Each structure stands twice: as C-alpha cells, then as structure tokens.
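The structure appears below as structure tokens.
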Amino acid sequence: MRWLEDMLQIWPEDGLVWPVELRPHGEGTYEKEPVEGWYDRNSDRVGHLHPLIAGQWVYRHWDLSPYCSLPLAGLAWTEETWTSEEVLGVHCPFWEFNAEHDYQVFNTFPDNPTATPMNATGTWDIPIVLLQTPAGLIDAQGPKPGIRHLLIEGHSRMRDLNSLVHRGEAASSHRVFVLRHGSIESPQN
C-alpha cells in the first residue's frame with residue numbers, strides 16, 4: 001500500500017509493514033496483553049494516533065486488517081461528525097452490504113457487542129476509522145479518482161448502521177475518526 005501522486009494504491013496488497021515490535025504480546029492467544037499496556041509500551045510509534053484508533057485498528061486487528069501495510073508514520077487524525085448518508089458513501093471494497101441479512105446477523109443473539117449500543121442510540125459507541133483519499137485510490141479494478149474516503153476499521157458497525165438506516169432507526173449523525181496522510185490538509189466530505 002502506497003501513495004502514488006496523492007492517489008492511494010491499495011492493490012496489489014503488500015505484506016505487513018508495521019514494526020514487529022508493535023505486535024501485541026500474546027497475540028493469537030487467550031493471554032493477549034491489555035490494550036492500555038500495549039499502547040503505553042508503543043507510545044513512541046502510535047502515540048500520535050488517538051488511543052481508540054490505535055486500539056481498535058492496530059492492536060485489535062493486528063495483521064488481520066486489510067490495511068496492515070499502511071504506514072502509521074505521517075498519519076494525522078481528526079474526530080468529526082457525519083450524517084448517515086455521508087458515512088454510507090465511504091468506499092468499502094471488502095464488503096457488500098445487505099440490510100436485512102445484516103440486521104439478522106447483529107440481532108439474532110442478545111447482547112451483541114455491535115448491535116447493543118447501536119440499537120440503544122442509533123449509532124456506535126466507538127467511532128469508525130476512515131482514511132482521506134483526496135485524489136482517489138487504485139484497487140483491483142483500477143483507478144477510482146472519485147473516492148474521497150476509505151473505511152479502514154469498523155466494517156461491522158458500518159453493516160449495522162446500514163441495516164438501521166434501512167429500518168429508519170439510525171441516529172442522524174455519527175462520530176468518525178478521519179486519518180490523513182501527512183501531506184494532506186483539509187477534509188473533503
């Protein structure tokens with residue numbers, strides 16, 4: 001994954017580029033270190049990110065994220081409030097949304113950690129993570145110059161939001177984290 005003339009190339013996919021020192025101790029076991037200790041231990045590499053961004057994306061997903069080859073250095077972030085329409089307009093290349101199916105997935109079992117807060121408030125309890133792509137991106141189908149934001153983390157919350165929007169049960173606005181590459185300035189919603 002790399003920037004080519006301000007266009008993000010997400011395909012072909014690269015290998016993991018995050019330093020191996022960022023790997024949570026006990027990753028893949030029941031003894032995975034707590035996120036707070038991991039964040040403190042790695043503050044020199046992830047301290048420029050909001051703790052929820054680092055915890056939800058890097059710590060929680062580690063090398064299972066399709067974006068684990070995105071260099072963390074040079075990323076800046078803002079927390080913004082977007083409408084449901086703006087959020088659902090974000091590019092999500094690895095997922096297709098099906099409102100009825102997704103509603104069943106998140107509401108079949110009680111106390112689902114994604115659905116519980118969203119059913120109560122119409123929005124998520126932890127903001128999703130987006131990456132600004134001001135010149136678009138390049139994926140397996142080729143250049144997409146019109147894509148302005150890419151979903152980095154929060155695919156389940158996006159699916160559940162889509163189902164709530166189709167049911168008329170979504171909140172009118174949602175908190176999002178927007179990442180920007182160091183050379184990119186203002187958001188373009």
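The values are calculated or read from the model by the stated rules, or taken from the named source; none is laboratory data. Note that the structure is predicted; figures quoted are calculated from it, not measured. We place every Cβ from the backbone using ideal geometry, glycine too, and count neighbours over all the protein chains shown. To get the accessible areas, we keep the full protein, side chains included, count just its heavy atoms, and leave off ligands, DNA and RNA. Shrake-Rupley method; radii C 1.70, N 1.55, O 1.52, S 1.80 Å.
Any idea how far apart LEU16 and LEU64 come out in nm if each label point goes 7 Å out from Cα toward Cβ?
1.3 nm
Of GLY28, GLN104, LEU4, which is farthest towards the positive pole of the chain's charge dipole, taken about the Cα centre with +1 and -1 on the beta-carbons of Lys, Arg and Asp, Glu respectively?
LEU4
By average Cβ neighbour count within 10 Å, what is the ranking of 162-169, 107-114 from highest down?
162-169, 107-114
Take ARG2, project a point 7 Å from its Cα along the Cβ direction, then tell me which residues of segment 55-73 have their backbone nitrogen under 19 Å from it.
67-73
Which chymotrypsin sites (Phe, Trp or Tyr not before Pro) in segment 1-88 pass both tests, a DSSP loop state and at most 15 other beta-carbon atoms within 10 Å?
TYR30
For the chain, report the accessible area per residue in Å² (1.4 Å probe, heavy atoms, rounded to an integer).
I get 51 Å² per residue for the chain.
I want to check the label-to-label distance for GLU31 and HIS155. Put each point 7 Å from Cα in the C-beta direction and report it in nm to one decimal.
Computed distance between label sites GLU31 and HIS155 equals 3.0 nm.
Does segment 1-136 classify as rounded, prolate or oblate by the C-alpha gyration tensor (a ≥ b ≥ c root eigenvalues; a/c under 1.5 gives rounded; else a/b over b/c gives prolate, otherwise oblate)? Let's see the in-between values first.
Values: a/c = 1.68, a/b = 1.17, b/c = 1.44.
In terms of gyration-tensor shape, oblate.
Taking the simple approach of a point 7 Å from Cα along Cα-to-Cβ for both ALA140 and ARG175, what is their distance in nm?
Each label point is offset 7 Å from its Cα along the Cβ direction, giving 3.5 nm.
Restricting to DSSP H runs of at least four residues, report the calculated mean residue ellipticity at 222 nm for the chain, -39500 (n - 2.57) per run over all residues, nearest 500 deg cm²/dmol.
-6000 deg cm²/dmol, from helical runs alone.
Please compute the net charge surrounding CYS68, taking Lys and Arg as +1 and Asp and Glu as -1 over other residues with Cβ under 15 Å from its Cβ.
Result for the neighbourhood of CYS68: -2.
Taking the highest mean first, how do the peptides 87-100, 10-23 order by number of other beta carbon atoms within 10 angstrom per residue?
87-100, 10-23
Check which residues have an amide H placed less than 5 Å from ILE128's amide H, if you skip close sequence neighbours.
Residues meeting the criterion, in which the H sits 1.01 Å from N, are PHE177.
Carbon and sulfur: what percent of segment 96-189's accessible surface (1.4 Å probe)? Walk me through the numbers before you get to the answer.
Details: 2210 of 4380 Å².
Carbon with sulfur: 51 percent of the solvent-accessible area.
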